[in-house]
Amino acid sequence: MPRPTDPPAGRRSTDRAHAGVIETKLAPHRLPHGSVSRPALLEQLRHGRDRALTLVSAPAGFGKTTLLTEWVTTDRERVFAWVTLDASDAEPVRLWTNVIASVAARRLSVGVGSLPALRTNPDRVADAVLPILFDELAAVGEVVVILDDFHLASNSVVNAQVEAFLRYRPAQVQLVIATRADPSLGVARLRASGELVEIRADSLRFDESELASFFDGMGVKGLTPSDQRRLAERTGGWPAPLRLAALLIPADDPASFIDSFTGGSRQVVDYLTRDVLDLLEPQTRDFLLQVSVLSRLSGALCDAVVDTTGSGAVLADLERSNLFVSVDSAGEWYQEHQLFAEALRLELARTRPELVPVLHRRAAAWFEAAGDRETATDHAIAARDVPTASRLVAAQVQLMASTGRASTTRRWLCALSWPEAERDPELAFVRAVAASLDNRVDLAIGYLDLARTGPPDQMDAAGLPLAFRADFMESLVGVTQVGRAEAAGLRAVASAPSSGWEGIALAGVGQALYLQGRTSEAVDVLRRAIGQIPDANPIMLAIGFANLGLAESALDVPSRADPKLDELAGQLSAIGAERSPAGALVHLALGERDRRNGDLRGAADQFGLTIEILGAGPRTAWLANAYLLLAAVHRDLGDPAAAMADIDHANETLDRLPDAGNLRDRSARLAEQLVAPVRRASEFGEQLTDREMDVLRLAAAGLGQRQIAGQLFISYNTVKSHLKTSYRKLGATSRDEAVAKFALLEVGPNGIDGSAASPG
Amino acid sequence: MGPLACTIVVSGELDQRFGAAFEGLELSVADGMTRLDGPLADQAQLQGVLHQLFDLGLDVVSFTTVPAIGEVGGASSA
């Protein structure tokens with residue numbers, strides 16, 4: 001068996017940092033002093049080795065974590081991968097990154113394939129990531145995966161994935177879940193089929209002998225067996241109040257304490273908020289109350305939050321006194337026992353409510369300086385600090401969207417739901433960005449309107465004014481209302497703070513002009529745009545060049561974009577943006593390039609790809625445009641049925657768009673051309689057949705005979721034969737003459753006009 | 001589902017200092033039990049309060065909800 005060694009830095013730690021992995025959660029804390037050894041329960045845990053699920057389910061304070069910690073520290077031959085879950089692990093990418101990182105800390109080869117798979121397929125954990133993880137696990141022998149506090153991370157998406165894990169994992173992986181509430185993982189079914197080992201509250205209660213060792217271990221002397229029995233009865237063997245009692249029993253007069261403890265009916269949490277806190281010096285009490293806003297504590301962090309020094313020593317003392325504080329194996333990060341933390345928070349809210357936002361603000365600042373923006377954001381929101389929260393979310397929204405972690409962004413934006421936050425213009429801009437990344441165009445436009453109510457010159461972290469940002473975003477993204485998009489783009493151009501940004505704004509204007517059929521204007525604007533957009537912005541470059549390619553193709557001239565398109569497609573792939581709207585536009589432009597070069601099949605393939613990418617999103621003018629371009633190509637390939645189907649798809653979208661530029665006109669014209677009776681060569685004699693028309697059409701487009709054969713899937717000889725016959729029917733003696741006569745036939749009722757997307 | 005008039009009973013006695021802890025519910029103590037009475041906006045808020053009690057290690061003995069004024073209805077006991 002390979003020996004565990006230190007995990008490597010570098011690539012893997014980047015994945016982990018991006019997914020918010022917090023190292024101290026990946027190992028159990030040290031055992032509390034005086035904890036009772038429970039060999040019978042350990043034996044039960046070991047029996048879970050051959051079962052699908054080992055479940056430890058009981059309310060707070062029953063010693064679940066303590067039991068599992070004892071197992072991990074005493075069972076030296078087994079390999080354990082521990083994760084302490086919290087509310088932010090309800091997001092799948094973060095949860096699974098934690099699980100994989102925990103196993104990888106002990107078995108290096110795990111994660112090599114599964115972490116990248118998680119990064120590229122964040123929405124397909126069960127079918128694209130878990131199989132790779134299972135292969136990696138199968139290769140490394142036995143391992144026990146422990147998920148502590150599962151109830152905090154549980155939701156329907158996570159539950160489905162965990163259920164898949166426990167069903168299909170390799171046999172040598174034991175899954176252990178500790179939770180306060182039974183998870184919805186088909187537990188009843190597992191129980192019925194004998195695939196479940198469960199340890200519940202009743203098993204976790206102390207029996208008499210355990211009680212005796214417990215008090216011994218806590219250093220409580222002088223309790224008679226009858227004292228102990230009374231305590232056992234009163235608490236039902238529930239460890240949490242027993243620890244309380246052990247702390248509070250005065251050495252000189254245990255009896256009267258026990259009397260009041262067993263006689264009364266005060267709740268544990270009541271004792272925690274009064275008696276336990278009364279045990280402490282006022283300074284320590286204050287300290288604990290203030291740091292209760294934190295879910296994990298370190299000396300440095302507490303110093304910052306409480307605005308003091310020496311917190312490290314205070315925490316160490318508290319841990320040694322067994323005051324419901326535990327510490328991790330490195331002795332750096334502490335955690336309060338949950339019931340205690342709840343009690344402290346209540347007490348703080350009751351006695352010093354005005355301090356709570358101040359404490360959260362300090363915590364947010366500390367975490368941000370320490371490089372943990374995610375935890376900083378949680379605290380900024382808890383502090384109701386809208387500007388800070390807005391800045392932090394804005395800085396993370398793109399990265400989270402591209403790594404499949406958008407649900408965390410959504411959670412934050414949902415939490416920012418009090419009136420001031422809902423009205424805040426900067427935050428509205430962030431909401432617009434998140435909505436557009438989620439392909440919710442009309443929602444984004446609505447938020448941009450709200451953003452524009454803010455001071456126009458207000459800068460973001462990159463120094464861009466708010467009004468400019470709102471305008472240029474709308475011009476690029478707002479392709480459901482093209483006229484508005486153009487107006488927004490023009491405003492952005494007028495207020496652009498630099499030539500590079502002006503270029504980006506010009507691209508938005510150019511796009512809107514193209515969609516309105518103002519093709520020559522679009523070409524002028526876009527040629528300017530591409531000269532100004534910085535190279536460091538491949539997405540904007542792609543949008544600029546693709547639009548230029550489309551506009552110049554509509555004019556049927558070779559495009560300056562032609563040589564750049566392949567390179568841009570590559571750049572987009574490199575940053576994982578090949579399936580973004582920019583990527584779709586590049587395919588559209590590539591398709592038009594193919595069409596101009598006579599490769600109609602290639603064009604149809606490219607348009608098909610565009611439609612596949614865009615079809616997953618909302619209906620926009622882009623999708624309709626793609627269908628119309630495809631319709632024209634299908635028509636030229638001699639497949640009018642397909643062309644009509646494309647036009648129908650385009651119209652489905654167009655019917656829903658408030659303002660789709662001139663796309664409706666183009667759609668109508670294409671439909672007419674397809675339906676209009678084609679004037680046959682009756683004045684020249686025999687009528688041309690459909691197939692002969694198809695061949696002539698391609699010949700008129702400049703294709704050679706072999707190319708025509710390839711496009712129409714017929715043989716070269718058949719093409720020659722069709723051409724010969726059609727020359728005869730047209731009374732032409734050369735190809736040029738045939739093409740000229742054919743052109744006269746093909747002029748439909750609307751003529752050929754320069755704003756059509758393809759030659760008519 | 002609209003506003004509810006809610007009564008939750010937990011075992012054990014909670015000190016008055018917990019009075020402000022539960023979403024505007026009023027706290028009273030009698031016979032070794034603690035009662036929380038008051039209006040809640042909807043089921044989601046009720047679930048939130050029950051969760052909070054669970055997190056505090058309190059055992060819920062009963063809860064009754066009655067639709068708020070304006071609706072005819074009985075109580076549904078848990």
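The values are calculated or read from the model by the stated rules, or taken from the named source; none is laboratory data. Keep in mind that what you see is a predicted model, and the values were worked out from it rather than measured. Glycine also receives a Cβ, built like all others from the backbone with ideal geometry; neighbour counts cover every protein chain displayed.
Would you please list the contacts, defined by Cβ atoms under 7 Å and residues six or more apart or on different chains, that run from a residue in the stretch A:445-464 that is in contact (Cβ under 8 Å) with a residue 12 or more places away in the chain to a residue that is among the basic types (Lys, Arg)? Between residues of the stretch A:445-464 that are in contact (Cβ under 8 Å) with a residue 12 or more places away in the chain and residues that are among the basic types (Lys, Arg), the close pairs are A:Tyr447/A:Arg431; A:Asp460/A:Arg469; A:Ala461/A:Arg391. Of all the criteria given as (1) closer than 24 Å to A:Ala181 by Cβ; (2) surrounded by fewer than 22 Cβ atoms within 10 Å (Cβ to Cβ); (3) within 34 Å of the chain's Cα centre (by Cα), the one not satisfied by A:Val56 is (2). Scan the stretch A:568-589 for residues that are within 19 Å of A:Val557 (Cα to Cα) and touching a residue at least 40 places away in the same chain (Cβ under 8 Å) and the total you get is 4. Applying the selection to the stretch A:112-163, what residues are basic (Lys, Arg) and in contact with an Asp or Glu (Cβ under 8 Å, 6 or more places away or on another chain)? Listed by number, the list holds a single entry, A:Arg119. If you go through the stretch A:298-321 and keep only what is surrounded by fewer than 16 Cβ atoms within 10 Å (Cβ to Cβ) and over 34 Å from the mean Cα position of the chain (by Cα), you end up with A:Asp307, A:Thr308, A:Thr309, A:Gly310, A:Ala313, A:Ala316, A:Asp317, A:Arg320, A:Ser321.
Quickly run through the stretch A:324-340 and pick out the residues that are away from every other protein chain (no Cβ under 13 Å) and either at positive phi or surrounded by 19 or more Cβ atoms within 10 Å (Cβ to Cβ) (or both). Once the filter is applied, which keeps residues that are away from every other protein chain (no Cβ under 13 Å) and either at positive phi or surrounded by 19 or more Cβ atoms within 10 Å (Cβ to Cβ) (or both), the stretch A:324-340 yields A:Val325, A:Ser326, A:Val327, A:Asp328, A:Gly331, A:Trp333, A:Tyr334, A:Gln335, A:Glu336. All but one of (1) farther than 24 Å from A:Glu420 by Cα; (2) assigned to a loop (DSSP other than H, G, I, E, B) hold for A:Leu315, so report the exception by its number. Among (1) farther than 24 Å from A:Glu420 by Cα; (2) assigned to a loop (DSSP other than H, G, I, E, B), the lone unmet condition for A:Leu315 is (2). What do you reckon, is A:Glu233 assigned to a helix (DSSP H, G or I), crowded, with 16+ Cβ neighbours inside 10 Å and more than 14 Å from chain B (Cβ to nearest Cβ)? For A:Glu233, the condition - assigned to a helix (DSSP H, G or I), crowded, with 16+ Cβ neighbours inside 10 Å and more than 14 Å from chain B (Cβ to nearest Cβ) - is not met.
Each row is one residue, and each column tells you yes or no for (1) within 14 Å of chain A (Cβ to nearest Cβ); (2) more than 25 Å from A:Thr351 (Cα to Cα).
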site	(1), (2)
B:Gly2	no, yes
B:Thr7	no, yes
B:Gly12	yes, no
B:Phe18	yes, no
B:Gly24	yes, no
B:Val29	yes, no
B:Gly32	yes, yes
B:Leu36	yes, no
B:Leu40	no, no
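The lone criterion from (1) buried (at least 21 other Cβ atoms within 10 Å of the Cβ); (2) not in a helix (DSSP H, G or I) left unmet by A:Glu486 is number (2). When the residues of the stretch A:247-297 are filtered to those that are buried (at least 21 other Cβ atoms within 10 Å of the Cβ), in contact with a strand residue (DSSP E or B) (Cβ under 8 Å, 6 or more places away or on another chain) and over 16 Å from A:Thr351 (Cα atoms), the one that is nearest to the other protein chains (Cβ to nearest Cβ) is A:Gln267.
With respect to (1) touching a Leu at 6+ places or on another chain (Cβ under 9 Å); (2) within 18 Å of A:Val509 (Cα to Cα); (3) at pLDDT below 90, the lone exception for A:Ala496 is condition (3). Would you say A:Ala709 is within 30 Å of A:Gly583 (Cα to Cα) and buried (at least 16 other Cβ atoms within 10 Å of the Cβ)? For A:Ala709, the condition - within 30 Å of A:Gly583 (Cα to Cα) and buried (at least 16 other Cβ atoms within 10 Å of the Cβ) - is not met. Scanning the stretch A:116-128 for residues that are of a type in the set (A, V, I, L, M) and either surrounded by fewer than 24 Cβ atoms within 10 Å (Cβ to Cβ) or free of Cβ contacts under 8 Å to residues at least 40 places away in the same chain (or both) returns A:Ala117, A:Val125, A:Ala126, A:Ala128. Here A:Glu692 meets each of (1) modelled with pLDDT of 80 or more; (2) under 22 Å from A:Ala551 (Cα atoms) with one exception, condition (2). Pick from A:Ala365, A:Ala343: which is assigned to a helix (DSSP H, G or I), in contact (Cβ under 8 Å) with a residue 40 or more places away in the chain, within 14 Å of chain B (Cβ to nearest Cβ) and not hydroxyl-bearing (Ser, Thr, Tyr)? Result: A:Ala343 is the single residue among A:Ala365, A:Ala343 that is assigned to a helix (DSSP H, G or I), in contact (Cβ under 8 Å) with a residue 40 or more places away in the chain, within 14 Å of chain B (Cβ to nearest Cβ) and not hydroxyl-bearing (Ser, Thr, Tyr). Look at (1) assigned to a helix (DSSP H, G or I); (2) modelled with pLDDT under 95 and you find that A:Ser417 fails only one, number (1). The sole residue among A:Leu26, A:Leu68, A:Leu42, A:Leu55 that is within 20 Å of A:Leu211 (Cβ to Cβ) and more than 14 Å from chain B (Cβ to nearest Cβ) is A:Leu42. Residue-level check: of (1) over 23 Å from the mean Cα position of the chain (by Cα); (2) part of a loop (DSSP other than H, G, I, E, B); (3) not acidic (Asp, Glu), A:Gly404 misses just (1). State whether one or more residues within the stretch A:407-416 are more than 30 Å from A:Ala349 (Cβ to Cβ) and in contact with a helix residue (DSSP H, G or I) (Cβ under 7 Å, 6 or more places away or on another chain). Checked against the condition, which is being more than 30 Å from A:Ala349 (Cβ to Cβ) and in contact with a helix residue (DSSP H, G or I) (Cβ under 7 Å, 6 or more places away or on another chain), the stretch A:407-416 yields no hits at all.
Conditions (1) surrounded by 19 or more Cβ atoms within 10 Å (Cβ to Cβ); (2) in contact with a Cys (Cβ under 9 Å, 6 or more places away or on another chain); (3) outside any helix (DSSP H, G or I), marked per residue:
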position: A:Asp535; (1), (2), (3): no, no, yes
position: A:Met540; (1), (2), (3): yes, no, no
position: A:Phe545; (1), (2), (3): yes, no, no
position: A:Asp566; (1), (2), (3): no, no, no
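Of all residues in the stretch A:339-368, those that are hydrophobic (A, V, I, L, M, F, W, C) and under 29 Å from A:Ala58 (Cα atoms) total 8. Among the residues of the stretch B:43-60, those that are more than 12 Å from every other protein chain (Cβ to nearest Cβ) and touching a strand residue (DSSP E or B) at 6+ places or on another chain (Cβ under 9 Å) comprise B:Gln43, B:Gln45, B:Leu46, B:Gly48, B:Val49.
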